[in-house]
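Okay, structure first, notes after.
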Amino acid sequence: MTTRILLARHGLSTYNLEGRIQGRDDRSLLSSRGEQQARQLGEALREVPVTALWCSPLQRARRTAELLLEARGAGPAVQSSDGLLEIDLAPWTGLARDELRQRHPAEEHLWSSRPEELELQRPDGRRYRPLLELHQQALDLWEELLQCHPPDGEHSVLVVAHNGILRCLLLAALGLPPAAFGRYRFDNASLSVLNVRPGGDRGPQVQIESLNAQGHLGDPLPRFRGGRRLLLVRHGETHWNREGRFQGQIDIPLNERGRAQAAAAGSFLAGETLDRAYTSSMARPRQTAEAILAQQPKPVPLTSVGGLVEIAHGDWEGCLEEDIRDRWPQLLSDWQTAPERVQMPGGETIQQVWDRSVHSWQRIADGLHPGETALVVAHDAVNKTILCHLLGLGAGDIWAVKQGNGGVSVIDYGPTADRPPVVACLNLTGHLGGVLDRTAAGAL
């Protein structure tokens, strides 16, 4: 049983176009482009059942919800919630970004680098921390959402709101602190998908299926704002993925569908200028990388990295889940609920994979020059550890991230070291059909 939470940011607003601070100001309207985006989002959601729709009361979000329902053709009544109001930046509301930098340079820098520490002053003289207030608001709303739509039922809830509150809602779902606020990105009319399942003593288990998808808008990837960009891709499908076998470090090649997925990823990324490419030394990611690079207009050097090979499953390699359940029932249960505690029989721990994969990733990122984009193609467990590291999660959280075969994630490093890398999008699979990930889950 699963509850699906669909997070949608409102379309492009008049204040967005003008580069102004919006916050809770309700004078900002949807632009004509924003209205078009809302309709495009509604068209994309035709295939997805929606049992409830929650919306911010601010008019740019309400109008987005109205237009997407109109384009979708049908849907539930809109439930307005003050819990989805945008962050309260009242002292700055209406200021252009350049004005803000000129008038309040120290505060603007703090907001950009350590937003959880920012204090502002209300008209009555009281000091407050906007992000800490918003984070508490998101915690309360997340609890309310799960009370109304518990994960032991089949619910599909669409939430239409704003950049700041959606980021905090994601932090609340993942159990992360406000300091992780800057690691995520929600663009106008983007769609993100969370799957929530019962999790026993640990509480609901939340999985990011996708984050900040914009393919329905005709934009393959979020706009590159400078710095360094890395594209992280999981290899295409293998026969063992399809069968649900633990393949680990057994060198299984792509099957026919996997080759088609790799080619589709290549077409999806054909408009991106790739300067370098890196792959695990195993066949399935190398074949995927070669298919992607074949659609680049100029040759791109491809380097094999030993630290990116898949987790060693040891005695589990080649086994189906039922085979493992028969021989190692408790160990399999621990792997599925507390993977950080498991030593694979004859294989690795997830922490060992984390250490080598994150080290390899960081070396690749550090080797890029400003303005460069690199492709990295690896495996399910490897990609999950890298993404958990980037998102501020730990080795025990690998189930919080989905990696579909041929799925694309984008990580941007800014021009200065005082800001964390941003996961601009995660597990995009729209190039393989639809807004939901329908690729083989594999056995991990």
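None of the figures in this text is laboratory data; all of them are computed from the coordinates on show. Computed from a predicted model, the values in this text were never measured in an experiment. We place every Cβ from the backbone using ideal geometry, glycine too, and count neighbours over all the protein chains shown.
Where Rh is the Kirkwood radius over the Cα pairs of the chain, the temperature 10 °C and the viscosity 1.306 mPa s, what D in µm²/s does Stokes-Einstein return?
Estimated diffusion coefficient is 70 µm²/s.
Decide, for segment 3-217, between rounded, prolate and oblate: order the square roots of the alpha carbon gyration tensor eigenvalues as a ≥ b ≥ c, take rounded if a/c falls under 1.5, and otherwise choose prolate if a/b is larger than b/c, else oblate.
The shape class here is oblate.
Per-residue HN-Hα couplings for segment 85-93, Karplus 6.51 cos²θ - 1.76 cosθ + 1.60 at θ = phi - 60°, whole Hz, x for Gly and Pro?
Listing the rounded values in order: 4, 6, 4, 8, 10, 3, x, 9, 3 Hz.
Amide H to amide H under 5 Å from residue 31: which residues, 5+ apart in sequence or cross-chain, H placed 1.01 Å off N in plane?
Distant-sequence amide H within range of residue 31: 13, 14.
So what is the relative contact order for segment 262-409, in percent, with contacts set as C-alpha pairs under 8 Å and at least six apart?
So the answer I get is 29 percent.
Given an 8 Å cut-off on Cα distances and at least 6 residues of separation, report the relative contact order of the chain as a percent.
Reported relative contact order: 18 percent.
Roughly how tilted is helix 283-293, in degrees to the nearest 10 and between 0 and 90, from the longest Cα axis of the chain?
50 degrees
Among DSSP bridges having both ends in segment 228-432, what percentage is antiparallel? Round to the nearest 5.
45 percent
Under the rule a/c < 1.5 gives rounded, and otherwise a/b versus b/c splits prolate from oblate, where does segment 228-432 land using the Cα gyration tensor?
oblate
I need the peptides 37-44, 19-26, 275-282 ranked by packing, meaning the mean over residues of other C-beta atoms within 10 angstrom, with the highest value on top.
Packing proxy ranking, top to bottom: 37-44, 275-282, 19-26.
By counting other Cβ atoms within 10 Å of each Cβ, how are 168, 319 ranked from fewest to most?
319, 168
What residues of segment 75-111 lie in the reach of a label at residue 416, counting those whose backbone N is under 14 Å from a point 7 Å from the Cα along Cα→Cβ?
101-102, 104-111
Using only Cα atoms, find the angle between the long axis of helix 350-366 and the longest principal axis of the chain, and express it within 0 to 90 degrees, rounded to the nearest 10.
Relative to the chain, helix 350-366 is tipped by roughly 70 degrees.
Neighbouring Cβ atoms within 10 Å as the yardstick, rank 186, 224, 181 fewest first.
224, 181, 186
To the nearest 500 deg cm²/dmol, what mean residue ellipticity at 222 nm is calculated for the chain from DSSP H runs of n ≥ 4 alone, each contributing -39,500 (n - 2.57), summed and divided by the residues?
-10500 deg cm²/dmol
With θ taken as phi - 60° and the coefficients 6.51, -1.76 and 1.60, list the Karplus ³J(HN,Hα) couplings across segment 227-235 in order, rounded to whole Hz; mark glycine and proline as x.
Residue by residue, segment 227-235 yields x, 10, 10, 10, 9, 9, 10, 8, 4 Hz.
For segment 81-176, run through the GluC sites (Glu not before Pro) and keep only the ones in DSSP coil with at most 14 other Cβ atoms within 10 Å of their Cβ.
Within segment 81-176, the qualifying GluC sites (Glu not before Pro) (loop, at most 14 other Cβ atoms within 10 Å) are 119, 154.
Non-local amide H neighbours of residue 309 (under 5 Å, H modeled in plane, Pro and chain starts lacking H): which ones?
281
Report relative contact order for segment 146-284 in percent, whole number only (criteria: Cα-Cα under 8 Å, sequence separation at least 6).
It comes to 15 percent, rounded to a whole number.
What whole number of Å gives the distance from the Cα centroid of segment 214-266 to the Cα centroid of segment 340-357?
With segment 340-357 and segment 214-266 each reduced to a Cα centre, they are spaced 23 Å.
5 Å is the cut-off here: which amide hydrogens, built 1.01 Å from N in the peptide plane, fall below it relative to residue 394, excluding neighbours closer than 5 in sequence?
none
May I ask you to evaluate 6.51 cos²θ - 1.76 cosθ + 1.60, the Karplus curve with θ = phi - 60°, for each residue of segment 375-384 and list the ³J(HN,Hα) values in order in whole Hz, giving x for glycine and proline?
Per residue, the Karplus-derived 3J(HN,Hα) values read 9, 10, 10, 9, 10, 4, 5, 4, 4, 5 Hz.
Report, to the nearest 10°, how far helix 59-72 tilts away from the longest principal axis of the Cα atoms in the chain, using its own Cα long axis and a range of 0 to 90°.
Once rounded, one gets 50 degrees.
If neighbour count is taken as other Cβ atoms inside 10 Å, put 30, 274 in order from fewest to most.
274, 30
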